[in-house]
């Protein structure tokens with residue numbers, strides 16, 4: 001299991017995570033940024049995993065689902081990182097699973113999941129704010145808890161001293177702000 005949760009190191013690839021509560025535009029932004037920079041992006045494995053579970057059993061996420069989800073997420077990330085051109089956009093990462101585990105399962109987190117979530121390294125996080133409209137689907141279930149969930153995501157970044165920018169506004173404003181920040185990051189990287 002250890003190896004399946006391990007983030008592979010990649011040289012010369014800046015890894016950027018779209019991070020935040022459900023229905024805040026992470027997937028849309030990850031796709032747009034990957035397209036803009038002509039590179040790879042990593043979809044959220046949890047959505048496909050849980051949608052399949054819902055379709056087959058009408059069941060939602062349970063604590064024992066989180067480690068298989070984490071393994072699937074790291075597999076997708078490691079595969080995409082090997083193909084990326086200078087930048088890799090991750091629709092989510094293992095730290096997001098940690099936040100959800102604490103929120104849904106009485107502050108508990110699988111120790112291996114926590115260890116690998118904190119060990120993985122990313123160059124930047126974009127924390128997506130809750131000011132875009134909520135979109136209902138089979139899996140989203142906390143439209144009234146958006147502020148509380150946003151606070152949990154922000155706390156995870158602050159507690160672990162991770163580099164982030166909050167993206168607010170409509171999807172176009174978020175995209176423009178993200179591009180500006182990424183271009184500055186790439187310039188600093190070149191200067192080093």
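Every read-out reported here was derived from the displayed coordinates using simple, explicitly stated rules and does not represent laboratory data. None of these values were measured; they are calculated from a predicted model. FYI the Cβ positions are ideal-geometry reconstructions off the backbone, even for glycines, and counts take in every protein chain you see.
Here are the numbers:
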{"quantity": "Label-point separation in nm, residue 60 to residue 189, each point 7 Å along Cα→Cβ", "calculated": "3.7"}
{"quantity": "Cα Rg, Dmax (largest Cα-Cα span) when computed across the stretch 30-103, Å", "calculated": "13.6, 41"}
{"quantity": "The stretch 57-98: translational diffusion in µm²/s, Stokes-Einstein, Kirkwood Rh over Cα pairs, 25 °C, 0.890 mPa s", "calculated": "210"}
{"quantity": "Euclidean distance of C-alpha centroids, the stretch 8-42 and the stretch 72-138, integer Å", "calculated": "11"}
{"quantity": "Gain on full stretching of the segment that runs from residue 121 to residue 75 - 0.36 nm per residue minus C-alpha separation", "calculated": "15.0 nm"}
{"quantity": "With 5 Å bins from 0: P(r) over the stretch 3-191, alpha-carbon pairs, percent", "calculated": "1, 8, 17, 21, 22, 17, 9, 4, 1, 0, 0"}
{"quantity": "Net length gained if the chain between residue 155 and residue 83 were fully extended (0.36 nm per residue, minus Cα distance)", "calculated": "22.7 nm"}
{"quantity": "Principal-axis tilt of helix 146-159 within the chain, Cα atoms, nearest 10 degrees", "calculated": "60"}
{"quantity": "Residues listed by number, the stretch 87-121, amide nitrogen under 15 Å from residue 38 label point at 7 Å toward C-beta", "calculated": "87"}
{"quantity": "Degrees between helix 45-57 axis and first principal axis of the chain (Cα, 0 to 90, nearest 10)", "calculated": "20"}
{"quantity": "Nearest 10 degrees, 0 to 90: helix 171-191 Cα axis against the chain principal axis", "calculated": "50"}
{"quantity": "Spacing of the two label points (7 Å from each Cα toward its C-beta) at residue 112 and residue 177, in nm", "calculated": "3.8"}
{"quantity": "Projected-area average for the stretch 44-149 over all orientations - Cα convex hull basis, square nanometres", "calculated": "7.8"}
